[in-house]
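Notes to accompany the following structure.
We did not get these values from a lab; they are worked out from the coordinates using the rules stated. Quick caveat, the model's predicted, so the values are computed rather than measured. Every residue, glycine as well, gets a Cβ built from its backbone with ideal geometry; the counts of neighbours run over all protein chains shown.
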Amino acid sequence: MKHEVIIAGFGGQGVMVMGQLLAYAGMAEGKHVSWMPSYGPEMRGGTANCAVIISDEPVGDPLVSEPTAAIMMNSPSLDKFWRGIKTGGDLILNGSLIEKEVGRNDIHRYRVPINQIAVGLGSEKMINMVALGALLAAVNIVSPERLLSCFAKKFAAKPAILASNTAAFQQGYDCVAKRTL
């Protein structure tokens, strides 16, 4: 199985961390992975996206031209990437910031109130974990437990954020898994 994922949003939304965590979880599961970041001219507030490939076979090219899944954290990112999603693919939309409708019926769309969920849990900084939870509920890319263990390792120096980010991940996951969208 091969998953090609595009994650896009504004700098500061945790786009790169989402991609890194997916890649780390894929490696921890013994998969072949590729993670390729792309930044706009500014860091925080500018555009940012990354491409992640997780595959049972070696990854020969890190470029993703037809993603099987995508997380779009804002409208400019959606405008740039929605047309390229592979037929049958999965699209996680940040429903807190994206009001537009996606004019495609050949993909699975999940409008998740990502910012609203994170704020309800205490911090907008957790939007990336809400989004990752939603993605893993929609697509079996890596196990949720593996991703959360990679989060715990990456942020071992900040143990206080583990419980809240785990809760954010779970809320995003439940929102898609239980179809409470």
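Contact order normalised by length for segment 2-177, with contacts defined as Cα pairs under 8 Å and 6 or more residues apart; what percent is it?
Value for segment 2-177: 22 percent.
When the Karplus curve 6.51 cos²θ - 1.76 cosθ + 1.60 is applied with θ = phi - 60°, which whole-Hz ³J(HN,Hα) does each residue of segment 166-179 get, with x for Gly and Pro?
5, 5, 5, 4, 5, 5, x, 4, 4, 4, 7, 4, 9, 6
Going through the cross-link list 2/86; 154/178; 158/178; 2/178; 86/125; 125/158, which pairs have a Cα-Cα distance over 23 Å in this structure?
Where the Cα-Cα span goes over 23 Å, the pairs concerned are 154/178; 158/178; 2/178; 86/125.
For a footprinting-style exposure proxy, rank 64, 5, 119 by other Cβ within 10 Å, fewest first.
Ascending Cβ contact count within 10 Å gives the list 119, 64, 5.
Take 33, 139, 52 and order them by how many other Cβ atoms sit within 10 Å, fewest up front.
139, 33, 52
Could you size up the charge dipole of segment 2-177 around its Cα centre, putting +1 on the beta carbon of Lys and Arg and -1 on that of Asp and Glu, and report it in debye to the nearest 20?
320
Over segment 74-181, consider all pairs of different Cα atoms and compute the Kirkwood hydrodynamic radius from their mean reciprocal separation; express it in Å, one decimal.
Here the Kirkwood hydrodynamic radius works out to 14.3 Å.
Net charge around residue 165, counting only other residues with Cβ within less than 11 Å of its Cβ (Lys, Arg = +1; Asp, Glu = -1)?
Here the count lands on +3.
Could you give me the radius of gyration and the Dmax of the chain, taking only the C-alpha atoms into account and expressing both in angstrom?
When restricted to Cα atoms, the chain yields Rg and Dmax of 14.8, 44 Å.
Rank by packing, highest mean first: peptides 94-103, 126-135, 10-19, with packing defined as the count of other Cβ atoms within 10 Å averaged across residues.
By packing density, highest mean first, the sequence is 126-135, 10-19, 94-103.
Hey, what number do you get for the chain at 222 nm if only DSSP H runs of n ≥ 4 count, each worth -39500 (n - 2.57), divided across all residues, to the nearest 500?
When only DSSP H runs of four or more count, the value is -11500 deg cm²/dmol.
Under 5 Å between amide hydrogens, which residues at least 5 positions from residue 47 or on another chain qualify, with H placed 1.01 Å from N in the peptide plane?
Here 11, 40, 42 satisfy the definition.
What residues qualify as long-range amide H neighbours of residue 95, i.e. H under 5 Å apart, gap of 5 or more or another chain, H built at 1.01 Å from N?
Close amide H contacts, sequence-distant or interchain: 112, 114.
Would you tally the net charge around residue 117, using a Cβ to Cβ cut-off of less than 14 Å, leaving residue 117 out, and scoring K and R as +1, D and E as -1?
Local net charge: +1.
Using just the Cα positions, wrap segment 139-180 in a convex hull and report its mean projected area in square nanometres, one decimal place.
Approximately 3.0 nm², given one-decimal rounding.
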